[in-house]
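Asks: Dropping a structure here in C-alpha cells format, bear with me for questions.
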Amino acid sequence: MKVLSPILACLALAVVASHAALSPEQYWSCKLPNTPMPKAVKEILHPELMEEKSTSVNVGGGGVNVNTGKGKPAGGTHVNVGRKGVGVNTGKPGGGTHVNVGGKGVGVNTGKPGGGTHVNVGGKGGGVSVHTGHKGKPVNVNVSPFLYQYAASETQIHDDPNVALFFLEKDLHPGATMSLHFTENTEKSAFLPYQTAQKIPFSSNELPEIFNKFSVKPGSVKAEMMKNTIKECEQPAIEGEEKYCATSLESMIDYSISKLGKVDQAVSTEVEKQTPTHKYTITAGVQKMTNDKAVVCHKQNYAYAVFYCHKSETTRAYMVPLEGADGTKAKAVAVCHTDTSAWNPKHLAFQVLKVEPGTIPVCHFLPRDHIVWVPK
C-alpha cells in the first residue's frame, strides 16, 4: 500500500475538513512546510516553554486554563478562557494585577486601595479614563507605539521602555551601540483554536456579550483594554498599508500567505535572558530579509491571543545580532519604514528621533512576542 508523505497526508486531511481537523501546529506544517515556527509562536501555543515559568495549559470543553505562577501557589496568575468566561486571579490577596499591554512593558497595578487607573488610548490627545480606586490617583497605560495613526502622550515619551526601540536606519551597522529593553508580556494569553475563535464575537457592537462571555466587568481596566484592542482593529488602515486582526494562529497564517504569496520566513526577536534597559552593541552579521514587502504582526492585549497585522510595501526588515555589555546575546528583528508620510505627526518615533513624517526612514526593533513575515 502506498503511504503518503506527512505533508501530503496533512494536505489531504486539510482538504476534507479544513481547519477543524488540524491542530495549529499541523496547520502550520501544511501551509508552511519549509518555514520554521518562530519562538514567539511556540511560546504562545505552549506557554510552559517560557523560561523559568511553571505553566499548565489545558484545552477542553471548559476552555483554556493557563497558570503562569512559577510553581508558587500564591504568586501566579490563573486565566480561564472558555464557555464559562475568563477569570484572572493573581494569587496575591492585596498584591494587585500587573498588566503588560501587548508585550509593550507598560505596567498597571490595581492592587493598592485608592490607586486608580488611567488608560490612555491615544488618538488626538484623547483617552479613556478608568478609576478603579477611591482616591483617583492615575496610573498611565499608553497606546502601542507600533500603531502609527496615534499620537504619543507625555507619559509615554518619558516612561514607555519602547521609546528606546526606535532608531534611524543609518545607525544600523556593526559597532553601533544602543540602550534597549526587550520587554516580555506577563499576560500569557494563548491562541484559541480557529473553530473556537470563529464562534466568538469580535466587534464593538457586541462588547456586552464579549464581556459577559469572558466574565470581564464593564468599565474595568481589562474591559477598557479589550475595548481598545477591538477599536484599533476596526479603524481603517493608514494610507499605503493593509491591516487585519488575527484571532487565531490559523487566520494569521492565512492572511500572511494571502498578502505575500509564498512565505520565506516568519521571525521574532529572541533574547538569551530578560534584562532591564541594557547597552547592546550590534555585531557582525546584520541580515536584510526583505527590501520592500512584509507583513508585521503585533500581539495585542486581549483575553486570548490577538495579533494586529499590517502589510506594507515600503518596509525593510532586518535580523540584527546584538551583544549586551554583560555578554547577553540577542537576535533582534528590526523593521524600517521608508515612507512615514501618513503617520500621525505626533507619533512617538518623530518626537524621540526629532524627524518629520515622510523625510527619512524610521526603524524600530520588535518586542519578543511580535512576528515579521517575509516573502520568497
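Asks: In Å, the Kirkwood hydrodynamic radius of the range 216-264 over pairs of distinct alpha carbons?
Replies: Details: mean 1/r = 0.0777 Å⁻¹.
Result for the range 216-264 stands at 12.9 Å.
Asks: Give me the net charge of Tyr255's neighbourhood, meaning all other residues with Cβ under 15 Å from the Cβ of Tyr255; Lys, Arg count +1, Asp, Glu -1. Mind showing how you got there, number by number?
Replies: Details: positive: Lys31, Lys243, Lys259, Lys262, Lys293, Lys299, Lys311; negative: Glu241, Glu242, Glu250, Asp254.
Result for the neighbourhood of Tyr255: +3.
Asks: Give, as a single signed number, the net charge of other residues whose beta carbon lies under 13 Å from the beta carbon of Ala237, with Lys and Arg counted +1 and Asp and Glu -1. Please list the in-between numbers first.
Replies: Numbers: positive: Lys243, Lys259, Lys311; negative: Glu232, Glu234, Glu239, Glu241, Glu242, Glu313.
After counting each charged neighbour, the total is -3.
Asks: How high is the FRET efficiency between Asp326 and Val355 when r is their beta carbon distance and R₀ equals 22 Å, given to the nearest 0.05? Write down the numbers at each step before the final one.
Replies: On the way: r = 32 Å, r/R0 = 1.43.
Rounded to the nearest 0.05, the efficiency is 0.10.
Asks: Keeping all protein chains in position, work out how much accessible area Asp171 exposes to a 1.4 Å probe, and write it in Å² to the nearest 10.
Replies: 50 Å²
Asks: Give the Rg (one decimal place) followed by the Dmax (whole number) of the range 164-375, computed from C-alpha coordinates and expressed in Å.
Replies: Expressed in Å, the Cα Rg and Dmax of the range 164-375 come to 18.0, 53.
Asks: Hey, if you put +1 on the Cβ of every Lys and Arg and -1 on every Asp and Glu Cβ in the range 164-375, which of Leu322, Pro375, Met252 ends up farthest toward the positive end of that dipole?
Replies: Leu322
Asks: Summing +1 for each Lys or Arg and -1 for each Asp or Glu, what net charge is found among the other residues whose Cβ lies under 14 Å from the Cβ of Ser312?
Replies: Numbers: positive: Lys243, Lys259, Lys293, Lys311, Arg316; negative: Glu239, Glu241, Glu242, Asp292, Glu313, Asp339.
Local net charge: -1.
Asks: Return the Cα extents of the range 242-291 along principal axes one, two and three, sorted largest first, each rounded to a whole Å.
Replies: Rounded to whole Å, the extents work out to 38, 25, 19 Å.
Asks: What percent do you get for the relative contact order of the range 164-375 when only Cα pairs under 8 Å and 6+ apart count? Write down the numbers at each step before the final one.
Replies: Numbers: 429 pairs, mean separation 62.1, N = 212.
Worked out over the range 164-375, it gives 29 percent.
The values are calculated or read from the model by the stated rules, or taken from the named source; none is laboratory data. A quick note: this is a predicted structure, and the numbers were derived from the prediction, not measured. Glycine gets a Cβ as well: all are built from the backbone with ideal geometry, and neighbour counts include every protein chain shown. Surface accessibility is based on the protein's heavy atoms, side chains included, excluding ligands, DNA and RNA. Shrake-Rupley method; radii C 1.70, N 1.55, O 1.52, S 1.80 Å.
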